[in-house]
Structure formats: structure tokens, C-alpha cells
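S.K.: Submitted below is the structure of interest, expressed as C-alpha cells.
Readers should treat all values here as calculations from the given coordinates under stated rules, not as data from a laboratory. For clarity, every value in this text was computed on a predicted model and none was experimentally measured. Note that each Cβ is placed from the backbone with ideal geometry, even for glycine, and that neighbours are counted across all protein chains shown.
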Number of protein chains: 2
Amino acid sequence: MSTVPDVVAAGGAHLPALLERVEARLAWLAADHGGPLAGHAEATIAAGGKRLRPLLVLLAAGGADGDGLVRAATAVELVHSASLVHDDVLDGADLRRGTPTVVARAGRPMATATGDLLFARAFAELVGNGRIDEVRVLSDASSALAAGELLQRADAWDVTIGVDRYLLRCELKTARLFEAACRVGALEGGGADAVAARLGEFGRRIGLAFQLLDDVLDVSGPTERTGKPRGTDLLDGTVTLPLLLAREHDPRLAALQPRSVTTPAAAAEVCDRVAATGALEEARARALAIVADAKLRLPTGLPAAQRRAMELIADGVVARYA
Amino acid sequence: MSTVPDVVAAGGAHLPALLERVEARLAWLAADHGGPLAGHAEATIAAGGKRLRPLLVLLAAGGADGDGLVRAATAVELVHSASLVHDDVLDGADLRRGTPTVVARAGRPMATATGDLLFARAFAELVGNGRIDEVRVLSDASSALAAGELLQRADAWDVTIGVDRYLLRCELKTARLFEAACRVGALEGGGADAVAARLGEFGRRIGLAFQLLDDVLDVSGPTERTGKPRGTDLLDGTVTLPLLLAREHDPRLAALQPRSVTTPAAAAEVCDRVAATGALEEARARALAIVADAKLRLPTGLPAAQRRAMELIADGVVARYA
């Protein structure tokens, strides 16, 4: 099973220092040194998880180094952080990765404004690179992310949406920012547009698989690993692939109205029924196929270390959910 | 009293067609033609008010014309629209300019995502100009706007904040986007950096005066003109200049805890007390002085029609509240 350290080890000796610089930059921006953000975003950004998106930026840049690359990786993670802060507002979530959310600590108005500020600062950060092509990639991805969020809310509680609509939502909400991470990394690394486009296709697929597997995990648990009760998506009205597939196999699930599921216990029971249909294996198999396809998109002629690291990150996305 | 038509008439024969193009572009983007935004942002954008910010973009560009200028004006208005949508979420507002708000029609989650999408699309729009300097101006202003919103929420109910803090909030929340409107207009119009900076100073002051006078109007009414009950800011916990000044004259107001004011009738009574101290005249006088200073910032050598139109827009900001 590949891990972030494996990826970093494969990707090159320049990576640990770069990742530390991204981390320091994120911490510096979140601390805001007396500014209005001080104390609000630090916990969210510090809790920040695996830094998969910044890592993709750095890997896609090949062996490139420098402040521009750090800015690009930081900007992508800021957009991601902004979306997490707003997600937590909408879900009224108290905890994220064991840390109190901004909305839990400071209330809805502060959290909404915090997300807006992180989002605006992502662009302020990237602008430092002076490259309109990078800004274009990030603004497109940000639009997609918000559009995906809109679609998800519009689709809430609707079990008739179909798999294509679900996949479109995943593309918008998750895959496009993974794509953007690879593209800005490649651009900042001096890669040709064609190489940036291929790396973007890779990232997009990895992001899609990531979202599919995340949705499987919400059904499969275990909660010790996810840090949230099984069936949280269902209770939020977010209809995901496992339920869509399971409905085709189990008439009782097909007849289920998600709104009638109102307790964690009832949600866990639905999760068991979904698992019993084999829908989780089916969804996992789809994700694996997407990851395999992603690897095929890696441009020929990519330096061996870079290729190896990107393959490992693809495997890591899968392994996280194995 | 100068009006938008007066400004347009003074500014040049090219303005009406340009303003129409901005309007058409905003309507086109809001309609979203089957996209996830369709049906959500149209009312907010259509209800859009005076288009003061796009008008500043166009005026600051001198006689310039073209798609780039339309994009710049559209992008600035999209940022403004995004902030209105989020403001309405935070205030739980039902109506804006007589039209149901996004949050009233579609609920908080949809409205939050709608604001995020408008914001992201502002950057996607401006990127079309291919100018990193314009993106820098807009991202800085967007950061300031969100920071101002954060400060306002952090300062909620606090009557001890002092005038300087209030003015800083106005700068961030309102003035910086007016400044950005003038700067991107000047840049798109081919103006020198020094001219863009001066026009930015003009815009910043106009925006500051605009916010001060808006806050006066919340206290003075009449409600037929503002479309909201007097004292709405007070009920929201937003402490503004009239109350800060009035507290210095009236010990009963100095002792008032805004949280104790919970009904529109009680708020109206506080507004009367504030007005009785002369604080409204004092706040208005400050705004007028800022507008006078703004006019002095207009660069020498500005074409006569452009100067005249910008002076009229400054007067219009004042006249709206006379």
C-alpha cells in the first residue's frame, strides 16, 4: 500500500522541503498576523489532512522548484479549504478530522465569511505568479466546484438522478480541482501545454475515483477510520453511487425514500442493505477502472521518478479505501 | 441632483451601448442556459440596482470600448452580486430591492453555493482579458470584501469599537471594490499606472462615502426609500457611525446595549434618539468631506467629459442620500 511518504520518496529529494514550504505558507496565511482571519481558519487548515492536492501540484511540476510552485500548491489547497469551511456551514458539522469546525467555533456568519476570504486569498496568492493561464485553470476549477455544490444541493433527497448525474457532480465537486492541481503544477514546471493537459486528465480521473471511494467509505465504514457515522451522506440527503447501484438490485431499497431515514441507526441499517447487494464492490470496481485509466493518461516521456510517484499517488487513492 | 442618466450623458455617447452590453452579459451569465445557476441568481442580478460599480469601470476607462471592458465591468458586478447573495444568507433576508432573495427562494445551502459560484465566475470572466494586473486588483478587492465581512461579524453588538475600526470595515467591505472598479477600468482603458492609481483613490473615497451614507439612511429612513425598516443594522448587531457618534452626545445611548433592542419598534425609537443628537448631520458632513476629497484625487489632464462624468457620479452618491 503506497502512502504519502512513499510518493514523496519516489518523487524526488526536492519534495519534502517543498511540501514543508507549502505547509509553512498555509500556516502563515491562516495565522493572518492580526488580520481578520486570525484564529478562524488555522484549525481547519492545520487539520488539513493529506495535502493530496498540493502534492499533485508539486509532482506535476516534475523537478521544478521555487516560490511560484509553492504559491500554486498553496492556492489550490486554499480553494479546497474554503470549500470545506463552506461545506461544514451547510452541513452544520461540528468536527472535521477530530477538530472543531469554523462554524462550530465561530458560528455560521463568521464561517461563511471565512470561506469567502480563503477563496479570495487563493487567487491573491496565485496572482503572485503573474501567469494568467494558471489563474484561468484555478478560476475554472473553482467555478466547477461551486457548480458541483449547487448540483448536489439541488439533487438532495432525489434517488431518481441516475448514475451519469452523480458522476457529473463528482467531476465538478472534486475531480476538476484535482485536474487543476496537476495543470497548474505542470504549467509552473514549464511543461508544454500538451503535457499539462495530459497530466490534467490524469488528475481529473484520480479525483473522480477519490470521490467514488469516499462515497463507498461513507456506507462501508468503519467509523473509526472515517471519523463519522456510517450513512452520513444519506442523512444529509446526498444520494451517492452505492445507493444508486443498490437500488437496481433490491426492490426495498428502490422503494426507499431517503427523507424517511432520520436516525444514525436507521442510516446504518440502510448501509447494511446497500452492502448486501454487492453495490460497494461494484462502485469500488468502477473506481479502480478509473484509476487504471488515469495511469494510461500519463504522458509518455515523463521522467521515470515523476511517473513512478504519480502512479503511487494513484495507487494511494485506491489503497486508502482498500 | 445628478442621476445615472446624467452621468451617462456627460460621460460620452459610447456609454449607453456599453452599459447595455454589460447588462446583457450579466443576464446571460445568470441565466446559465441549463447550468446549475439557472433560476437562482437571475432575480438577484436582474434586481441589481444602479450598476454603480460597472459604471465606474466604464468611466475610468475613458473613451475605451470593447469586450475587455465589458468583461471587466461584468466581473466587478459579479463579485458585488456574490457578496449580496452571501449577505442575505447571513442576515436571513427575505427581500432585496423588493425581489425575493436567493436564500428565501432556495434555502441557505443553495444560496451559499450560488454566491460561491458567482464569485468564481467573476474571476473566470475577468481572466478572459488575459491581464494578470486586472486579476490582481480584483482578487485583492475580493479579499478585502470578505475580510470586511469577517470584521463586521466579529464586531457584532460591540459599541466600543471606535470610529477608526468602523471606517476600516467600510474601507474593506465597500470602498475597496469601488477602488477596484476604477482601477480595472483605467487599466483596460490603457491608462498609465499612475492614472489608474489616482482613479482608484477617487473610487475608494466614493465607496467609503457611499457606505457612510448608506448607514445614515438605515437610521434616518424613510422606509419607502430604503425598502427596509429603520434600524435594521442595529437589529443585526451592526454598529455604525451614527450610533458611535451619538453615543458621545447622549449618555442614555452610551449606556445602551444593542442586544437589548429586539423589535423594529424599539429600533425605530433608538434611531429617533440617534437623530436627536445631530449624529446624522455629523456623519453626512463626514461623507461630504470624503466626496470633496475624492474629486481632488481625479488626475489632472483627465479629458473634460470623463472628469465631468466622474464628478457627477460623486455628486450622485451624495444626492441619493440628500
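S.K.: Using a Cα-Cα cut-off of under 30 Å, which lysines could be cross-linked to B:K228, ignoring same-chain neighbours fewer than 8 residues away?
M.R.: B:K50, B:K173
S.K.: While we're here: Which listed residue (B:T74, A:A276, A:A61) has the Cα farthest towards the positive end of the charge dipole for the protein assembly as shown, taking +1 on Lys and Arg C-beta and -1 on Asp and Glu C-beta about the Cα centre?
M.R.: Sorting the options by dipole projection puts first A:A61.
S.K.: Specify, per residue and in Å³, the volume enclosed by the convex hull of the alpha carbon atoms belonging to the range A:93-149.
M.R.: So the per-residue hull volume is 100 Å³.
S.K.: On to the next question. Whole number please: convex hull volume per residue, Cα atoms of the protein assembly as shown, in Å³.
M.R.: Looking at the protein assembly as shown, the number lands at 147 Å³ per residue.
S.K.: Helix B:304-319 sits at what angle to the longest principal axis of chain B, using alpha carbons and giving 0 to 90 degrees rounded to 10?
M.R.: 20 degrees
S.K.: Using a simple spin-label model with points 7 Å from Cα along the Cα→Cβ vector, what separation in nm is obtained for B:K50 and B:A285?
M.R.: In this crude label model, B:K50 to B:A285 measures out at 2.4 nm.
S.K.: Further question: What are the nm distances, shortest first, from B:G162 to its equivalents in the other copies, labels at 7 Å along Cα→Cβ?
M.R.: 6.2
S.K.: Just counting partner chain Cβ atoms within 10 Å, what average do the residues of peptide B:126-137 show around their Cβ?
M.R.: 5
S.K.: Turning to a different aspect of this structure: Quick one: with label points 7 Å out along Cα→Cβ, list the inter-copy distances for B:A24 in nm, shortest first?
M.R.: Ordered by distance, the counterparts are at 5.3 nm.
S.K.: Looking at chain A, which longest stretch skips every one of the trypsin sites (Lys or Arg not before Pro) that is in a DSSP loop with at most 15 other Cβ atoms within 10 Å, leaving the sites themselves out?
M.R.: A:98-322
S.K.: Also: Using helices alone, I'd like the mean residue ellipticity at 222 nm for chain A: each DSSP H run of four-plus residues gives -39500 (n - 2.57), total over residue count, nearest 500.
M.R.: -23000 deg cm²/dmol
S.K.: Relative to the other copies, what are the label-point distances for B:D293, with labels 7 Å from Cα along the C-beta vector, expressed in nm at one decimal and sorted shortest first?
M.R.: So the distances to the same position in the other copies read 6.0 nm.
S.K.: Something else: Give the aspartates and glutamates whose C-alpha is closer than 20 Å to that of A:K295, dropping any in the same chain fewer than 8 places away, or say none.
M.R.: A:D6, A:E171, A:E179, A:D193, A:E201, A:D214, A:E311, A:D315
S.K.: Sort all Cα-Cα distances of the range A:228-322 into consecutive 10 angstrom bins from zero, then give the percent of pairs in each bin up to the one containing the longest distance.
M.R.: 15, 37, 23, 16, 8, 1
S.K.: Here's another thing I want to ask about it. List the residues of the range A:43-63 whose backbone N lies under 18 Å from a point placed 7 Å from the Cα of A:L95 along the Cα-to-Cβ direction.
M.R.: Within reach of a label on A:L95: A:43-50.
S.K.: How charged is the neighbourhood of B:G237? Take every other residue with its Cβ under 12 Å from the Cβ of B:G237, and add Lys/Arg as +1 and Asp/Glu as -1.
M.R.: Net charge in that neighbourhood comes out at -3.
S.K.: Kindly state, to the nearest 0.05, the FRET efficiency for A:D272 paired with B:D133, given R0 = 51 Å and r defined as their beta-carbon distance.
M.R.: Computed FRET efficiency for A:D272 and B:D133 comes out at 0.35.
S.K.: Next up: What is the Cα coordinate range of the range B:19-61 on the first, second and third principal axes, sorted by size from largest, in whole angstrom?
M.R.: Taking the Cα atoms of the range B:19-61, the three principal extents are 34, 16, 13 Å.
S.K.: Still on this model: Calculate, for B:V163 and A:H33, the FRET efficiency according to 1/(1 + (r/R0)^6) with r their C-beta to C-beta distance and R0 25 Å; round to the nearest 0.05.
M.R.: That pair, B:V163 with A:H33, gives E of 0.55.
S.K.: Rg and Dmax of chain A, using alpha carbons, in Å: what are they?
M.R.: 19.4, 58
S.K.: So for the pair B:H14, A:A194, with labels modelled 7 Å out along Cα→Cβ, what separation do we get in nm?
M.R.: Those two pseudo-labels are separated by 4.1 nm.
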